[in-house]
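Colleague: The following block contains the structure, expressed as structure tokens.
The values are calculated or read from the model by the stated rules, or taken from the named source; none is laboratory data. Note that the structure is a prediction, hence the values are computed from the model and not measured. Please note: Cβ atoms are built from the backbone with ideal geometry, for glycine as well, and neighbour counts cover all protein chains shown.
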Amino acid sequence: MRMKNSSLALRVSGLSKIYRLYDQPVDRLKELLFRTQRHHDFVALQEVSFELPHGRTLGIIGDNGAGKSTLLQLIAGTLMPTAGKIEHDGTVLGLLELGVGFHLEFTGRQNIFLYGDVLGLPRRQIQRRLDEIIAFAELAAFIDQPLKTYSTGMRMRLAFSLIASLEPDILIVDEALSVGDMYFQKKCIDRMTELRNRGQTVIFCSHSMYQVSMFCDETLWLRRGCIHRHGQTDQVIPAYEAWQAQRSAQREQAETGPRPDMPVRIVSLELLNPLPCQPGDDLCFRLQLESIRDDLPFHVALSIKMDNGRGVYATGTHLTDQPPLCGRRREVRITYPRSPLLGGFYSAHARVFDDHGLMIYHEKVLSDIEVRKNSRDLGICYLENRWEIL
């Protein structure tokens, strides 16, 4: 449904999508003939509502199965909702599943026109953009070869170049960028930024929190088909990362030792202070670590975060130019003398890295660290201050 003369590019109201699942194909026929229910419902999306102004970029994040792709397909019009309404102002094009609208036996050039036909676009419009599409995809040497000879990355280049060159009012990009090389990913992000700067709206779904945080103005976090959080990206991403880390730590509590894919693990993370802590106390954390080898070097980091996941302070052996640790079992204590934290709830996030401080081997979160509030000061930390009233 199209909106006219609106400040909004997109309005989603009470959107739900429910699939009927059958244990076996014949159950569909039995249900039709005998009028007895043979299916069970799977709720992919439930009561999703949000608005997106023109010229904004929206990030969609969440675990696999959270409903991200279903939401994008509904917005793009390739799925029909079970309930709810989608209104948009302008044209909507989506780079969703690679290969949709393409034919493997056709050449790249023929597929460009085929996709335009699928979208109902005049061929003269595609012809005007043809050279631009081919140049952006950097596929001139292969454009007259059958698509079946293209790699997955080459198909992504062709699909993105076609969609982006048509300059829709609302561009939807799903995980497709993840199959491209870093050079072309950067090129795609630059093109999406260019479209946004022209006032076009972009919806970007990715598992790369870095890409979402750098590109998106606001972010929508889906969890089990519902909106778990929606707001400014710099508020949603830290909360999502903290939830992910805490969930990962809970899953790994049953681990009895390091594995080849986890050469070093955090056995325990403890706060040695009694709770609640007092403002100005020395905060002391203890980490117990276990490695698969005595001679394997690794780095350790600890960050303090607010209860919404946003960082307060982070430090580590690699961040302070200390040499990496080695040893089968190590204990590390990190003390913050006279902590300036004000009253509130915080968490500690420990990570173990490789010897370069780049690859995370293991991480663990310690939550619900309470600092007692003993003043009317506002904020997260105390800063020495001196007033002169003249």
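Colleague: Working only within region 345-360, note down all residues that are touching a Lys or Arg at 6+ places or on another chain (Cβ under 7 Å) and over 15 Å from Leu269 (Cα atoms).
Modeller: Matches in region 345-360: Ile360 only.
Colleague: Kindly indicate whether Ala137 is closer than 18 Å to Gly94 by Cα and more than 23 Å from the chain's Cα centre (by Cα). First the steps, then the outcome.
Modeller: On the way: closer than 18 Å to Gly94 by Cα: yes; more than 23 Å from the chain's Cα centre (by Cα): yes.
Spelling it out, Ala137 is indeed closer than 18 Å to Gly94 by Cα and more than 23 Å from the chain's Cα centre (by Cα).
Colleague: Pick out the one residue from Glu363, Glu370, Glu290 that is assigned to a strand (DSSP E or B), exposed (fewer than 15 other Cβ atoms within 10 Å of the Cβ) and either in contact with an Asp or Glu (Cβ under 7 Å, 6 or more places away or on another chain) or not hydroxyl-bearing (Ser, Thr, Tyr) (or both). Steps first, please.
Modeller: On the way: Glu363 fails: exposed (fewer than 15 other Cβ atoms within 10 Å of the Cβ); Glu290 fails: exposed (fewer than 15 other Cβ atoms within 10 Å of the Cβ).
The conditions single out Glu370.
Colleague: Follow-up. Taking region 289-310, which residues are in contact with a helix residue (DSSP H, G or I) (Cβ under 7 Å, 6 or more places away or on another chain) and closer than 17 Å to Ala350 by Cβ?
Modeller: Pass one, region 289-310, residues in contact with a helix residue (DSSP H, G or I) (Cβ under 7 Å, 6 or more places away or on another chain): 305, 308-310.
Once the filter is applied, which keeps residues that are in contact with a helix residue (DSSP H, G or I) (Cβ under 7 Å, 6 or more places away or on another chain) and closer than 17 Å to Ala350 by Cβ, region 289-310 yields Lys305, Gly309.
Colleague: Quick check: is even one residue across region 353-360 more than 16 Å from Leu283 (Cβ to Cβ), in a strand (DSSP E or B) and at pLDDT below 90? Show your work before the answer.
Modeller: Let us first name the residues in region 353-360 that are more than 16 Å from Leu283 (Cβ to Cβ), namely 353-360.
Then keep just the ones that are in a strand (DSSP E or B); that gives 353, 360.
Those still in the list that are at pLDDT below 90 too: 353, 360.
Yes, because at least one residue in region 353-360 is more than 16 Å from Leu283 (Cβ to Cβ), in a strand (DSSP E or B) and at pLDDT below 90.
Colleague: If you don't mind, there's one more thing I want to ask. Being assigned to a loop (DSSP other than H, G, I, E, B), surrounded by fewer than 21 Cβ atoms within 10 Å (Cβ to Cβ), out of contact with any Lys or Arg (no Cβ under 9 Å at 6 or more places or on another chain) and of a type in the set (Ser, Thr, Tyr): is that true of Ser69 here?
Modeller: Numbers: assigned to a loop (DSSP other than H, G, I, E, B): no; surrounded by fewer than 21 Cβ atoms within 10 Å (Cβ to Cβ): yes; out of contact with any Lys or Arg (no Cβ under 9 Å at 6 or more places or on another chain): yes; of a type in the set (Ser, Thr, Tyr): yes.
Judged against the criteria, Ser69 is not a match.
For every residue, the table says whether it meets (1) surrounded by 13 or more Cβ atoms within 10 Å (Cβ to Cβ); (2) closer than 28 Å to Val43 by Cβ; (3) modelled with pLDDT of 80 or more.
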position: Cys226; (1), (2), (3): yes, yes, yes
position: Tyr240; (1), (2), (3): yes, yes, yes
position: Arg251; (1), (2), (3): no, yes, no
position: Glu255; (1), (2), (3): yes, no, no
position: Pro263; (1), (2), (3): yes, no, yes
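Colleague: Considering Leu287, Leu378, Leu390, Leu319, which residue is free of Cβ contacts under 8 Å to residues at least 60 places away in the same chain and under 23 Å from Ser268 (Cβ atoms)? Steps first, answer last, please.
Modeller: On the way: Leu287 fails: free of Cβ contacts under 8 Å to residues at least 60 places away in the same chain; Leu378 fails: under 23 Å from Ser268 (Cβ atoms); Leu390 fails: under 23 Å from Ser268 (Cβ atoms).
On inspection, the qualifying residue turns out to be Leu319.
So that you can scan it fast, the table gives a plain yes or no per residue for (1) modelled with pLDDT of 85 or more; (2) among the β-branched types (Val, Ile, Thr); (3) surrounded by 15 or more Cβ atoms within 10 Å (Cβ to Cβ); (4) on the phi < 0 side of the Ramachandran plot:
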residue: Leu93; (1), (2), (3), (4): no, no, yes, yes
residue: Phe102; (1), (2), (3), (4): no, no, yes, yes
residue: Gly108; (1), (2), (3), (4): yes, no, yes, yes
residue: Val118; (1), (2), (3), (4): no, yes, no, yes
residue: Arg123; (1), (2), (3), (4): yes, no, no, yes
residue: Pro146; (1), (2), (3), (4): yes, no, yes, yes
residue: Thr152; (1), (2), (3), (4): no, yes, no, yes
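Colleague: Here's a follow-up. What are the pairs, 6+ residues apart or on separate chains, where a residue within region 133-153 that is more than 20 Å from Gln185 (Cα to Cα) has its Cβ under 7 Å from a residue that is crowded, with 20+ Cβ neighbours inside 10 Å and among the charged types (D, E, K, R)?
Modeller: Qualifying pairs under 7 Å: Leu147/Arg155.
Colleague: Okay, next question. Tell me which residues, restricted to region 9-68, are β-branched (Val, Ile, Thr), more than 20 Å from Thr201 (Cβ to Cβ) and touching a Ser or Thr at 6+ places or on another chain (Cβ under 9 Å).
Modeller: First, pick out the residues of region 9-68 that are β-branched (Val, Ile, Thr): 12, 18, 26, 36, 43, 48, 57, 60-61.
If we keep only those that are more than 20 Å from Thr201 (Cβ to Cβ) as well, we get 18, 26, 36, 43.
Once the filter is applied, which keeps residues that are β-branched (Val, Ile, Thr), more than 20 Å from Thr201 (Cβ to Cβ) and touching a Ser or Thr at 6+ places or on another chain (Cβ under 9 Å), region 9-68 yields Ile18, Val43.
Colleague: Condition (residue is over 28 Å from Gly231 (Cβ atoms), free of Cβ contacts under 8 Å to residues at least 24 places away in the same chain, over 29 Å from the mean Cα position of the chain (by Cα) and surrounded by fewer than 16 Cβ atoms within 10 Å (Cβ to Cβ)) applied to region 293-315: is it met by at least one residue?
Modeller: no
Colleague: Let me ask something else about it. If you take the residues in region 293-350 that are part of a strand (DSSP E or B) and hydroxyl-bearing (Ser, Thr, Tyr), which one is nearest to Leu272 (Cα to Cα)?
Modeller: Filtering region 293-350 for residues that are part of a strand (DSSP E or B) and hydroxyl-bearing (Ser, Thr, Tyr), the one nearest to Leu272 (Cα to Cα) comes out as Thr335.
Colleague: Somewhere in region 17-39, is a residue touching a Pro at 6+ places or on another chain (Cβ under 8 Å), in a strand (DSSP E or B), at pLDDT 80 or above and within 14 Å of Leu74 (Cβ to Cβ)?
Modeller: Yes, region 17-39 has at least one match.
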